[in-house]
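Below is one structure, written out as structure tokens; the observations come after it.
The values are calculated or read from the model by the stated rules, or taken from the named source; none is laboratory data. Model, not experiment: these values are computed from the prediction. Counting neighbours? That spans all protein chains shown, and the Cβs are built from the backbone with ideal geometry, glycine included. Just the protein is used for accessible areas: all its heavy atoms, side chains included, with ligands, DNA and RNA removed. Shrake-Rupley method; radii C 1.70, N 1.55, O 1.52, S 1.80 Å.
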Amino acid sequence: MGGWRRIIPGETTVQQALCILGIPDEEDTRDDYQILRYINHQEWGWQIVEIWSSRDSNGKVVGIFLKNSFLTSKTGTSLDTLVSQFGRPNKVTWSMIPLMRFLIWSDEGIAVLADANITDYSQGEFEVVYILYFEPMELETFLQNAHELPWPYIGSFSEVNLFTFQTTDAPDILPEDPYDWERIPTPSP
């Protein structure tokens, strides 16, 4: 089951998360979600950390959103690391950012935005830009409900390639799933 720093969506309460992480730098609401935001805690390795809860969650954390900067900090979390731990994702899809892909391990409760530009990087350098931890669920359930989550930035998944030759000067000409899964190590059966 996915979780971060002993915070597990669907199990950990917001009060427990506050005891683990301390007082947030900001509190916000987005739609029906309460957001606790931690900014630039370098010791955590992420530029922004958000803890999500909702009125319907009975005081439980429903999501943990970890965001890295595109240009500055490196999280040390690469696609290789996630694939070696969880195996091949059960869905790879377009994102709303060109040359980036949204990868989903719904049965583990993890979704990530990662670099897809295989011409610029080796497999081990596919940097993860953000990670969302959520309660594990069936893939179709996640896909049906993902648009309702309080995404703070552009970059959640898209059902189509938004960056084709006809729509932009910087087309994304890579396939929806550009990764060479034979070269990315997966866990032993």
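Here are the numbers for this structure:
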{"read-out": "Residues satisfying the stated conditions in the stretch 99-136, i.e. open to solvent by 10 Å² or more (accessible area, probe 1.4 Å), assigned to a loop (DSSP other than H, G, I, E, B) and modelled with pLDDT under 85", "value": "Asn117, Ile118, Thr119, Asp120, Tyr121, Ser122"}
{"read-out": "In the stretch 137-154, residue most open to solvent (accessible area, probe 1.4 Å) [restricted to those that are over 14 Å from Gly109 (Cα atoms) and under 14 Å from the mean Cα position of the chain (by Cα)]", "value": "Ile154"}
{"read-out": "Restricting the stretch 1-18 to residues that are outside any loop (DSSP other than H, G, I, E, B) and either under 22 Å from Glu108 (Cα atoms) or of a type in the set (Gly, Ala, Ser) (or both), the residue that is most open to solvent (accessible area, probe 1.4 Å)", "value": "Gln16"}
{"read-out": "Selected residue (criterion: nearest to Leu113 (Cα to Cα)) from residues of the stretch 51-72 that are open to solvent by 30 Å² or more (accessible area, probe 1.4 Å) and outside any strand (DSSP E or B)", "value": "Phe70"}
{"read-out": "Single match in Ile64, Ile51 (criterion: in contact with a helix residue (DSSP H, G or I) (Cβ under 8 Å, 6 or more places away or on another chain) and at pLDDT 95 or above)", "value": "Ile51"}
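Residues checked against (1) open to solvent by 70 Å² or more (accessible area, probe 1.4 Å); (2) assigned to a strand (DSSP E or B); (3) in contact (Cβ under 8 Å) with a residue 60 or more places away in the chain; (4) of a type in the set (Lys, Arg):
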site	(1), (2), (3), (4)
Ile20	no, no, no, no
Gln34	no, yes, no, no
Arg37	no, yes, no, yes
Val49	no, yes, no, no
Val83	no, no, yes, no
Arg88	yes, no, yes, yes
Val92	no, yes, yes, no
